[in-house]
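Report on the following structure.
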Amino acid sequence: MARRFLLPVLELVAVLFLVSLGVFLLLSLVPGDPAVAVLGEGRTPAEYDALREQLGLNDPLLSRYGDWLGGVLHGDLGTSLVPPQTAVADRIASALPVSLELAVLGLVMALALALPLAMWSAYHQGGRADRAISAITFGLLSMPSFLIGLVLIAVLVNSLGIFPRNEWVRPGDGLGANLSHAFLPALTIALMEAAMFTRILRNDLVTTLHEDFILAARARGMSPLRIMVSDALRPSSFSLVTVLGLSIGRLVGSTVIVEYLFALPGMGKLVIDAANQGNYPVVQGAVLVIAVIYVASNTLIDRTYGLLDPRTRRARA
Amino acid sequence: MLAPEPIAVRRRDTRPVLLLTGALLLALGLAVAGWAAGTTVLVTLVRMLVLVAGILAAIAGLGRVARGVRGKPVDVVFWLGMTWLVLILGAAALAPLLPLGNADDSVAGLTSPIFAAPGGIGAEHPLGTNNYGLDVLARAVFGARTSILVALMAVLIGTTVGGLVGMVSGFVRGTTDRIVGILSNALLAVPPLILLIALGTVLDPSIRSIAFALSLLTIPSMVRLARANTITVAEREFVLAARALGAGRVRLLLREVLPNVVLPVLSLAVVMISVLVVAEASLSFLGIGIEQPAPTWGNMIAEGQGGVMEDHPYIVVVPGICLFLTVFSFNLLGEKAQKRWDPRAAKL
Amino acid sequence: MTTPSVPDLLEVTDLRTVFHTARGDVRAVDGVSFRLAAGETLGLVGESGSGKSVLGRTVMGLISSGPTTTVTGSVRIGGHDVHALKPSARRRLWGPEVAMVFQDPMTSLNPVKRVGTHLTETLRRHLHCSRTEATERAVDLLRQVGIPEPARRLRQYPHELSGGMRQRVVIATALACDPRLLIADEPTTALDVTVQKQILDLLGSLVAERDMAMLLVSHDLGAVAGRTDRVQVMYAGRTVESGATRPVFAAPEHPYTEALLASIPNLAHPPHTVLRAIEGNPPDMARPPLGCRFAPRCGRAAAGCTDELPLLVGVPGSAGVTGREVACHHPVGLSAPLEGNRHGR
């Protein structure tokens, strides 16, 4: 029992520890001098040296890692090298909600698109609708998210003028305005995920619809829609849940790109700007936070198998 | 139809009918698509829809013609994709030898017109020029060279390293396996693009280091696949028998396990190419990858930002279509490969 | 066959089910007629692939005309022409008028649904009763099919029950809305031999109690023998022989029936190997033989058999037995010399 629960937890801790070590070491190898990055060129060596001392850059690597990790565990991720020289934790705290909103909205929209499309496609297996949906989703999967975003901007913003772009309204300043600004970026994120989900779910639904228990449900007089939703969907969603776990990684990626494309103040913009400026404490902190959220959500998704399949539930009890 | 029911037979048209209707559809589709691409009468949205409809009609027509000629249904989309791959790979390989315009010499570009509109075949700038007066066609071809070279190098590194590590880890098991598992989980614990950005902060933006960074993305999934296949093979009777007969471990790995692992790994490698082409393009789009004026499809698309796309759509359209068609074609190829060589993975 | 003054519960007339496949049209059911009255049990027997399961599903309307299938002829259940009804109207028959018990209880219950849900959703769909009423009825139904601790079983998932228990649940769901006709499609094939008898006895007693009509589809002649009033033998989508069960089994007229009966002593074999005693395979239903479909495998086949399709005609000289019919150019009983060779009982 202890082995069953302890081992995964220990592995999780080991993985996160490795990630933090990797992130720290990687960014300590930044070519060029952080002090130069902060102060700019043309100062006296003494000025650079003072800053290096202040940043702790003269200490041995391992003790710097220890200090950093200790800080991380207390919620202190260091200070931005580039002005405004605020705490990294504060920068992340203001950027994270934007990204989370976009990602969650994108995921919800993707599922809202994928579920009916997959059911429709599977119900008309081999028919015109099925083949059209298959072709469109295959095409979407071959579009990088920034291309999808550019096409959406060209069509919906520039041509039809439906949606605003390049602005962000915080939910506190009006939920309606917030959602209308978040809609297009979230749709960009959603389209590719929806394509993936639709294909996976459709294939599993087709398999499930050939099961005897579907025929049995028909023979009990259940309507096709009810059979789809109440009999076929749940046994067909195991692969979808697996893919959901994998897709979170892609989701983070498209969120970053979309934030850059639409100039939204989220984690992606934070990390890209920091990367371009060599502002390594911000990159370190942001990557670590993203990794922790990512690992946590994957673990959470693994747990939902039990909710979907009573057979595995018994195995755990 | 919820019940498992047989597939309907399509009505068989005669060959002349197929050829005639196919040719008509093809010609009509191309005409409509060509008109939609050139016209300025319609709104962008309608133009795009008409264009797509025209292309689809042309493809359907081509399919009919092919069916008429071959006497059986032909997967024209697949063959069109393969034709594109051959063309773009050939152009990328031979780029320095082709009579192309100025791709990346921004000093020489000063004497050329900037944002010249696409002139069509025979013109000095068939696909126009960008804001530095650089030739868009030349940049698209050299961009293909960079994008595909980077992706291929990364896949080569990733497949070799990941495949070997996975095989050894699955064959030896025990502590080695556990450590490899934790390491690859640690790599997987950072979302791919974030890992690339973090690496991009540190590495200089050269082809070699971008390829190295991208290869890190492929290694964990390669390790997993090779490991899983190795374990299946290693538990089969003939391997157990060979072990019992005292065959050496290295010999077993090379003679028995490797041949069974190669095909699934290779088919994943094909899929990975398209993933990496996208990843490289994303990185360049974000300004972290290969830097201007050296062209890649990603940084070419990025040139369209800030109002440029609205006035000069070809700046985005040309690299966008190249990128889409290449990824699409590699996906088609990967899907076929996985269906044949790794049926378990061919879920998509 | 005598025409009763009251219309029978089930009337099947010249039913044909044709699947349009890439290989051509497959005539899975090819002109089958029969009637069934309330309280009566009809056995439908034949090898795997003889079209009897497709027949059962077509009778119910689970298989109907569509892009890939053509159904002709008619099925009337309680006066409703099943194949003329709109799908939604047809679904209203499934449950209160006709219900089906499937072959494999391992696969015909939804693994992610509780046992009780299978019952209550059917009850609520057709009888429009409240949740509590439905649960009460479900408990009652499980008790009727002999499941101990019914209230607890309702909350369990199918995988927590044994095969026999699951088949009892399947039967309970079929009986939930008191159907007048029960179609049992190989109800015991997937079960252990010891459980088979229990399930058949249960079906028999339930049918008797409720005065239901039952169509028992099976390749297991032993199952059909003691538990049906009449039997209809199917071969390659057609009826080759029909009549009251006892006389048909005692003195088969069709060579195919005779051959089937010859294989009864081998009942101990696992399912689907029983009929190895008949040489050859059933014909390709996409390209059936021109004449009698059994002729290529028939020991009694003569020159005319491969040219002309035999029709189902009343057997002369069996006036005492009602509705005995056979489709054969050279029936067994009419050429006495072979009588000594007859197997079976």
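The table for this structure:
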quantity	calculated
Tilt relative to chain C, helix C:115-127 - C-alpha long axis, 0 to 90 degrees, to 10	90
Value in Å of the Kirkwood radius, where the stretch A:91-316 supplies the Cα pairs that are averaged	19.2
Contact order normalised by residue count of chain A, Cα under 8 Å, 6+ apart, percent	24
Residue mean of other protein chain beta carbons inside 10 Å, B:179-191	6
Hypothetical label at C:ASP14: residues of the stretch C:28-61 whose amide nitrogen lies under 12 Å (7 Å Cα-Cβ projection)	C:31-33
Listed residues B:VAL250, B:VAL141, B:VAL150, most fluctuating in chain B (Gaussian network, C-alpha, under 10 Å)	B:VAL250
Among the listed pairs A:LYS269/B:LYS339; C:LYS113/C:LYS197; B:LYS336/C:LYS86; B:LYS336/C:LYS113, those beyond 32 Å (Cα-Cα)	A:LYS269/B:LYS339; B:LYS336/C:LYS86; B:LYS336/C:LYS113
Rg/Rg_ref, the stretch C:60-202, where Rg_ref = 2.2 N^0.38 Å and atoms are Cα	1.09
Compactness of the stretch B:136-341 - radius of gyration and Dmax, Cα, Å	20.0, 73
Globularity ratio of the stretch B:102-252, using Cα Rg and 2.2 N^0.38 Å	1.60
Radius, Kirkwood style, for the stretch A:209-317 when every pair of distinct Cα atoms is counted (Å)	17.2
Spread of Cα-to-Cα distances over 10 Å intervals beginning at zero, given as percent, for the stretch B:30-188	9, 19, 24, 22, 15, 9, 1
Rg ratio (alpha-carbon, reference 2.2 N^0.38 Å) - chain C	1.02
Helix-derived mean residue ellipticity, 222 nm - over the protein assembly as shown, DSSP H n ≥ 4, -39500 (n - 2.57), to 500	-18500 deg cm²/dmol
Ratio of Rg to Rh over the protein assembly as shown (Cα coordinates, Kirkwood Rh, two decimals)	1.06
Length-normalised contact order of chain B in % [C-alpha pairs under 8 Å, at least 6 apart]	17
Hydrodynamic radius (Kirkwood) for chain B, which is based on Cα pairs only, to one decimal in Å	23.3
Whole-Å semi-axes of the ellipsoid equivalent to the stretch B:191-283 (Cα gyration tensor, √5λ, descending)	36, 13, 10
Along each principal axis, Cα extent of the stretch B:15-74, largest first, Å	41, 16, 12
Rg and Dmax of the stretch C:90-155, Cα atoms only, in Å	12.1, 35
Angle in degrees between helix B:76-94 and the longest Cα principal axis of chain B, rounded to the nearest 10	90
For the stretch A:113-204, the Rg and Dmax computed from alpha carbons only, in angstrom	15.6, 48
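Readers should treat all values here as calculations from the given coordinates under stated rules, not as data from a laboratory. Please read these numbers as outputs of a predicted model, since none were measured by experiment. FYI the Cβ positions are ideal-geometry reconstructions off the backbone, even for glycines, and counts take in every protein chain you see.
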